[in-house]
Amino acid sequence: MNQVKKHNKYNRLPDFLKMSSILIFLLGFLFSNPSFAEEKKKNKPSLEESATKIYLDGFRYNESYIKTEIPFVNYIRDRELAEVHIMSTTQRTGARGTEYTITFYGQHQFANLNDTLKYVSKQADAMEITRQEIVRLLKIGLMPYISKTAHADYISISYRRKRDPVAVEDKWNNWVFFISGSADLEFEENDHKTELDGALSAERVTPDWRISLSGRADYNLRKIESSSYITKNPSFNTLIVKSINDHWSTGLYGSALSSDSYNSKLTISAGPALEFNLFPYSVSTRKEFRFLYKVEYKNIRYKSETIFGKFDEQLFKQTLSATLELRDKWGSTVGTLEGSNYLHDFGLLRLRLSGRINLRLFGSLSLDISGSIAMIRDDLSLRKGDREVDEVLLRLKRLSSDYDINTRIGFRYTFGSIYSNVVNPRFGGGNTRRRR
């Protein structure tokens with residue numbers, strides 16, 4: 001009997017080993033099971049998955065470069081899913097450089113965490129310099145968001161000491177001059193085309209004054225078989241603007257031109273103007289609502305007799321326009337309503353409504369609509385006599401028209417993965433230009 005008990009006592013050890021083996025097998029199965037591993041991964045996102053999601057708006061051709069230089073964020077195609085919406089707007093400076101305004105909009109957990117940074121490039125700056133400065137600003141602007149993520153542990157900040165600002169004596173007194181020219185030559189057996197143009201301009205821009213002087217001339221020769229057609233269109237324009245305050249400015253327009261298409265041997269015009277901006281000029285990269293009124297004197301000498309029997313005339317004309325420009329996260333819009341008439345006959349008038357709107361409807365669906373419509377009752381320069389079809393097609397003469405309408409509508413929709421981090425430059429893929 002004792003032997004039986006002893007035997008049962010030692011029999012318990014194999015049972016224990018069996019249970020331990022089964023338990024170890026089950027634990028190994030659970031931890032090696034892909035679905036279990038994925039569940040763990042879902043519960044604890046990787047460093048890459050937890051990176052700040054950003055949406056680039058208005059950077060156009062620099063996107064590939066930005067993605068290469070700033071790899072510690074996730075680039076999202078859907079602005080509504082982004083945690084930071086970054087918008088870039090630009091405007092030209094007096095020296096023909098570009099002022100870049102980069103606005104950061106925090107969304108979701110970063111709501112109300114916004115910022116604006118600016119950079120001004122010179123006209124002579126190489127593209128590489130401009131791209132580097134844009135990336136530098138983006139890195140600075142992203143730090144308040146990155147600092148609240150796990151990526152902050154991998155960020156270091158360096159400081160490049162610059163010399164203290166010193167007063168600069170400008171021997172040009174803010175004047176900037178430009179000269180340009182081009183030639184376009186095309187030859188076929190029975191069709192030759194020559195286009196030459198040149199331009200010279202000078203600008204002076206200060207906070208209080210804006211002065212612009214420009215001259216331009218173009219020469220076009222079209223030879224089809226034995227027939228030759230020549231057009232020459234020289235012109236000179238001047239604009240002087242005085243800032244009054246952050247909403248008002250006044251100015252003076254002047255121009256002189258000759259045009260074959262518009263039957264003008266010489267047209268000289270000049271007059272004062274007054275502008276009011278509902279929004280401060282300091283936010284002009286984001287929004288403007290401008291009202292412009294001007295009165296001009298016109299002295300016209302025609303190349304040939306007009307349909308009204310005139311060879312020359314002196315006229316006074318007034319113009320009033322309202323322009324609204326907005327750009328925000330939802331898209332952008334610009335619209336202008338302009339009306340003008342000659343003071344000696346209010347029936348000689350022109351009304352034009354033009355505009356463009358780009359709407360981001362939802363997700364990656366955007367709608368782009370542009371167009372204009374005009375009522376024309378003031379075309380005094382039309383030539384008397386018949387017009388040949390070839391003269392109209394070559395823009396040597398114009399046809400009479402009471403209206404002018406054009407429109408365009410388009411859409412863009414992108415679907416699939418919301419991430420766009422990867423840049424692959426093979427076969428030119430890194431330089432792909434996409435329109436917004």
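As a rough footprinting exposure proxy, the listed residues Thr250, Thr407 were ranked by other beta carbons within 10 Å of their own, and the order from fewest upward is Thr407, Thr250. Extending 7 Å from Cα along the Cβ direction at Arg216 and again at Ile409 yields two label points whose distance is 3.3 nm. Residues whose amide H lies under 5 Å from that of Asn233, counting only those 5 or more places away or on a different chain, are Asp218; hydrogens are built 1.01 Å from N in the peptide plane. Distance between the pseudo-spin-label points of Ser228 and Gln123 (7 Å out from Cα toward the beta carbon): 3.5 nm. Using the Cβ-Cβ distance between Lys193 and Asp246 with R0 = 45 Å, the FRET efficiency computed as 1/(1 + (r/R0)^6) comes to roughly 0.40.
With R₀ set to 22 Å, the beta-carbon distance separating Ile268 from Glu305 gives a calculated FRET efficiency near 0.65. Put a dot 7 Å past the Cα of Tyr281, heading toward its Cβ, do the same for Leu200, and the two dots end up 2.9 nm apart. Averaging 1/r over each pair of different alpha-carbon atoms in the range 53-152 and inverting the result gives 14.0 Å, the Kirkwood hydrodynamic radius.
Assuming a ≥ b ≥ c are the square roots of the Cα gyration tensor eigenvalues, decide whether the range 230-298 counts as rounded (a/c under 1.5), prolate (otherwise, with a/b larger than b/c) or oblate. Prolate shape, in that a/c is at least 1.5 and a/b is the bigger ratio.
Which of Lys67/Lys122; Lys294/Lys329; Lys223/Lys298; Lys118/Lys329; Lys317/Lys384 have a Cα-Cα distance over 28 Å? Lys294/Lys329; Lys223/Lys298, as the Cα separations exceed 28 Å there. Here the gap between Arg356 and Asp184, fully extended at 0.36 nm per residue and compared with their Cα-Cα distance, gives a gain of 58.8 nm. With a Förster radius of 56 Å applied to the C-beta separation of Glu133 and Ile376, the computed FRET efficiency comes to 0.75.
No lab work stands behind these numbers, since they all come straight from the coordinates. Just so you know, these numbers come straight off a predicted model, no measurement behind them. With ideal geometry, Cβ positions are generated from the backbone for all residues, glycine too; neighbour counts draw on all protein chains shown.
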